[in-house]
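A short worksheet on the structure shown next.
The values are calculated or read from the model by the stated rules, or taken from the named source; none is laboratory data. Values in this document were obtained by computation on a predicted structure and should not be read as measured data. Reconstructed Cβ throughout: ideal geometry from the backbone, glycine too, with neighbour counts over all protein chains shown.
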Amino acid sequence: MQSRHPVTDLSLVLASASPARLATLRQAGVEPVVLVSSVDEEAVVARYGVTDAHDVALVLARAKAEDVAATDDLPDGCVVLGCDSVLDLDGEVHGKPADAAEATARWQRMRGRSGVLHTGHWLVDVRDDADGGTGATLGAVASTTVHFADVSDEEIAAYVATGEPLRVAGAFTIDGLGGPFVRGVEGDHHTVVGLSLPLLRELLAEVGVPWHRLWSTPHPSTPQPPS
């Protein structure tokens, strides 16, 4: 038995090519339109002059969201979400490793220790006034402490050889092959995947959009345990 919600007249545009962010939204009942930005990340960080990991994540998320929001390919009645994640380890900012050697060195530093994964979120409301649009552009950062396992050199070499650490901020995942190498997290685990659903819900509320308006239809009801 399925419960149906009215077809939404609101679209969420995800300004990110991240499969993990897309999967997170889909698992939460949201089917976004994916439009990838053309932002030069190094140029953006240099222009804003930011060095703190929290600020880097936020300015990059904003740049990506506003870049996509300015394109002509947007669907009618949408809000645009940009995201970016960076790892803070000993006060240093780490994004995706440049190569296998950097990923290996990163893991040799991280193992047995903890870092803070910051994910910046920026929302741009491009809806028309008649559709309830606010014209708002706003954002925030979700931060989660990640505790890494004390992995061996052999485990690091095997993990880096898969190529996964080269594709993700911080050189690790918790929802992929890197999951066994993370002992735990303090905070919203979605932040580590790349998109905090609770924070996104709060940002949407700021522009008058309740979360359930983004649910796709039909949306299966949650299975109930047998009585």
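What do you reckon, is ALA57 in contact (Cβ under 8 Å) with a residue 12 or more places away in the chain and in contact with a Cys (Cβ under 6 Å, 6 or more places away or on another chain)?
In short, no.
May I ask you to list the residues in region 132-146 that are within 18 Å of VAL86 (Cβ to Cβ) and not β-branched (Val, Ile, Thr)?
Within region 132-146, GLY139, ALA140, ALA142, SER143 qualify.
I'd like the full set of residues that are hydrophobic (A, V, I, L, M, F, W, C) and either surrounded by fewer than 21 Cβ atoms within 10 Å (Cβ to Cβ) or touching an Asp or Glu at 6+ places or on another chain (Cβ under 6 Å) (or both), limited to region 78-123.
VAL79, LEU89, VAL93, ALA98, ALA100, ALA101, ALA105, VAL116
From ASP90, ASP55, ASP67, which residue is of a type in the set (D, E, K, R), at pLDDT 95 or above and over 24 Å from VAL30 (Cα atoms)?
Of ASP90, ASP55, ASP67, the one residue that is of a type in the set (D, E, K, R), at pLDDT 95 or above and over 24 Å from VAL30 (Cα atoms) is ASP55.
Right, ALA130: modelled with pLDDT under 95, out of contact with any strand residue (DSSP E or B) (no Cβ under 9 Å at 6 or more places or on another chain), hydrophobic (A, V, I, L, M, F, W, C) and closer than 24 Å to LEU12 by Cβ or not?
Against the criterion (modelled with pLDDT under 95, out of contact with any strand residue (DSSP E or B) (no Cβ under 9 Å at 6 or more places or on another chain), hydrophobic (A, V, I, L, M, F, W, C) and closer than 24 Å to LEU12 by Cβ), ALA130 qualifies.
Mind checking which residues of region 49-61 are within 17 Å of THR191 (Cβ to Cβ), in contact with a helix residue (DSSP H, G or I) (Cβ under 9 Å, 6 or more places away or on another chain) and not aliphatic (A, V, I, L, M)?
ASP55
Scan region 175-192 for residues that are buried (at least 20 other Cβ atoms within 10 Å of the Cβ) and either more than 13 Å from GLU155 (Cβ to Cβ) or under 15 Å from the mean Cα position of the chain (by Cα) (or both) and jot them down.
HIS190, THR191, VAL192
Does THR144 satisfy the condition of being in contact (Cβ under 8 Å) with a residue 60 or more places away in the chain and hydroxyl-bearing (Ser, Thr, Tyr)?
The answer is no for THR144.
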